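Let me begin by presenting the structure, written as structure tokens, before commenting on it.
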Amino acid sequence: MTTTFEGLSFQLSEEHLAVQQATRDFAQTELWAGVIERDEKEFFPDELVQKMANMGLMGMMVSPQYGGGGMDTVSYVLAMEELSKVDASASVMVSVNNSLVCYGLEAFGTEEQKQKYLTRLATGQTIGAFALSEPEAGSDATSQHTTAIDMGDYYLLNGTKNWITNGGRAGIYLVIAQTHPEKGHKGINCLIVEKGMEGFQVGKKENKLGIRGSDTHSLMFTDVKVPKENRIGPDGFGFKFAMSTLNGGRIGIASQALGIASGAYELSLKYAKERKTFGKPIAEHQAIQFKLADMATQIEAARLLCFKAALDKDNHHDYVKSAAMAKLFASQVAMDTAIEAVQIHGGYGYVKEFHVERMMRDAKITQIYEGTSEIQKIVIAREILR
Ligand code: CAA
């Protein structure tokens, strides 16, 4: 098994440090205030989305010619970590828009599609959603029931999508659907659907365990006429499109998991130095020291895996395996760290004001969306057994 470490210098560039600092400042000032209320009341104000767009966070890796920041994936990992330390609901919006929708359009869209849609998405004039999952097609993504029947100059789209991040807020949706069922995954297409197209309805908003500030909806399509020019790639490319796009998406979610873990760890470290039991700060008890040591070690390892996947992508190496490894590991670290953060905080950890219970709830989804941990193991195993 060959492992490449091209570009790994353990030294962030000036640009990287600037992105990290700017996102950290933004998260600590703009996102921190109100994060508990947004979680409780399940909302995220448009003005805050606009502020993220103004920061250039919605199209970080998109070429400047389409209104993006032209940054590398390492910068994206750094920004995602900082946002997720504070508010994972904000960071999943950024992640889906950047690594699924914008990346998918830039990598595989036509020039017309990029001009028409990508610029709006990269600049945050509108936000995007990626509609792959269905009531009966989550991990088994080839088993699409949504149909896109070829009617000559348009596709007739029918079906239901479930658990779609940005589902209510989005203006542009990348929708995966089956055109030639007899061809299996080679009969699937991806269509660009705009909000407002006749027959397209946004369904119910999900009441979730975590990332409650982000809006997750079902989508319903009834005889929606989608112009042929809205298909991404050649006929039958939709499944490959979804898989290729998700490879990069998994770097985004791995970084989100890393951020949740770092956020929970930093709060725990601070609390452990302040809180006293048996006459001394709990940080002086070995039981707590061991927890902090485990957290710090796991987080460092997760960060290196995120950087490894990002560097593989930036250096045009295959990143299927490294992205899956980063997501598998970082999401477990997020879960373990957040649980221990609650434990360190004791009774305070179980109430909302101390943030770590929210982080524990937010962490769980990183083991589920954009491919469950079990799917990541399938992906990794296939790569190493190839
Ligand atoms: N990258 C590129 N291509 C890939 C790929 C990958 N990671 N995985 C598979 N493919 C290609 C294969 O090469 C194959 O192409 P060919 O026929 O040309 O060789 C084709 O896709 C079919 O592959 P498989 O036969 O391996 O397909 P499968 O049915 O066995 O499924 C799977 C493979 C890995 C299990 C896949 O279904 C999968 O990743 N499932 C999880 C789906 C997922 O991540 N869902 C998340 C929902 S989106 C979301 O959460 C977004 C959000 O809102 C936050």
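The values are calculated or read from the model by the stated rules, or taken from the named source; none is laboratory data. Small disclaimer: the values here were computed from a predicted structure and weren't measured. Counting neighbours? That spans all protein chains shown, and the Cβs are built from the backbone with ideal geometry, glycine included. Accessible surface is based on the protein model in full, side chains and every heavy atom, while ligands, DNA and RNA are left aside. Shrake-Rupley method; radii C 1.70, N 1.55, O 1.52, S 1.80 Å.
Kindly provide the set of residues from region 100-126 that are open to solvent by 10 Å² or more (accessible area, probe 1.4 Å) and either within 11 Å of the ligand (Cβ to nearest atom) or in a loop (DSSP other than H, G, I, E, B) (or both), ordered by number. Spell out the reasoning first.
Start the filter on region 100-126 by keeping residues that are open to solvent by 10 Å² or more (accessible area, probe 1.4 Å), which leaves 103, 106-112, 114-116, 119-120, 123-126.
Of everything in region 100-126, those that are open to solvent by 10 Å² or more (accessible area, probe 1.4 Å) and either within 11 Å of the ligand (Cβ to nearest atom) or in a loop (DSSP other than H, G, I, E, B) (or both) turn out to be 109, 110, 123, 124, 125, 126.
In the set 71, 61, only one residue is surrounded by fewer than 24 Cβ atoms within 10 Å (Cβ to Cβ), within 21 Å of residue 171 (Cα to Cα) and modelled with pLDDT of 95 or more; that residue is 61. Residues that are among the basic types (Lys, Arg), more than 16 Å from the ligand (Cβ to nearest atom), free of Cβ contacts under 8 Å to residues at least 40 places away in the same chain and farther than 24 Å from residue 377 by Cα are absent from region 284-301.
Scanning region 368-382 for residues that are open to solvent by less than 20 Å² (accessible area, probe 1.4 Å) and assigned to a loop (DSSP other than H, G, I, E, B) gives a single hit, 371. Scanning region 275-294 for residues that are surrounded by 14 or more Cβ atoms within 10 Å (Cβ to Cβ) and either of a type in the set (Phe, Trp, Tyr) or in a helix (DSSP H, G or I) (or both) returns 282, 283, 284, 288, 291, 292, 294. Note on region 49-70: residues that are in a loop (DSSP other than H, G, I, E, B) and of a type in the set (S, T, N, Q) total 1. Report whether or not residue 340 is within 16 Å of the ligand (Cβ to nearest atom) and touching a residue at least 40 places away in the same chain (Cβ under 8 Å). Against the criterion (within 16 Å of the ligand (Cβ to nearest atom) and touching a residue at least 40 places away in the same chain (Cβ under 8 Å)), residue 340 does not qualify. Here 86, 92, 35 are screened, and the one residue that is within 27 Å of residue 316 (Cα to Cα) and touching a residue at least 12 places away in the same chain (Cβ under 8 Å) is 92.
Just to confirm my filter: which strands (runs of 3 or more DSSP E) fall fully inside region 141-212 and include at least 1 residues that are modelled with pLDDT of 95 or more, buried (at least 20 other Cβ atoms within 10 Å of the Cβ) and within 14 Å of the ligand (Cβ to nearest atom)? Can you show your working first?
Values: elements: 147-150, 154-165, 172-178, 188-194, 200-205.
Per the criteria, 154-165, 172-178, 188-194.
Just one of (1) closer than 22 Å to residue 211 by Cα; (2) open to solvent by 50 Å² or more (accessible area, probe 1.4 Å); (3) out of contact with any Ser or Thr (no Cβ under 7 Å at 6 or more places or on another chain); (4) near the ligand (Cβ under 9 Å from one of its atoms) fails for residue 133. It is (2). For residue 305, the conditions (1) part of a helix (DSSP H, G or I); (2) open to solvent by less than 40 Å² (accessible area, probe 1.4 Å); (3) out of contact with any strand residue (DSSP E or B) (no Cβ under 8 Å at 6 or more places or on another chain) are fulfilled apart from (2). Pairs linking a residue in region 173-200 that is of a type in the set (Lys, Arg) to a residue that is in a helix (DSSP H, G or I), with Cβ atoms under 8 Å and 6 or more positions apart or on different chains, are 186/239. Looking only at region 347-367, filter to residues that are free of Cβ contacts under 8 Å to residues at least 24 places away in the same chain and open to solvent by less than 40 Å² (accessible area, probe 1.4 Å); which one of those is farthest from the ligand (Cβ to nearest atom)? Among residues in region 347-367 that are free of Cβ contacts under 8 Å to residues at least 24 places away in the same chain and open to solvent by less than 40 Å² (accessible area, probe 1.4 Å), the one farthest from the ligand (Cβ to nearest atom) is 349. When region 224-274 is filtered for residues that are closer than 30 Å to residue 290 by Cβ, open to solvent by 10 Å² or more (accessible area, probe 1.4 Å) and either touching a Phe, Trp or Tyr at 6+ places or on another chain (Cβ under 9 Å) or outside any helix (DSSP H, G or I) (or both), the ones remaining, listed by number, are 267, 271. Name the single residue, out of those in region 214-272 being within 16 Å of the chain's Cα centre (by Cα) and away from the ligand (no atom under 16 Å from the Cβ), that is farthest from residue 283 (Cα to Cα). By that ranking, first place goes to 258.
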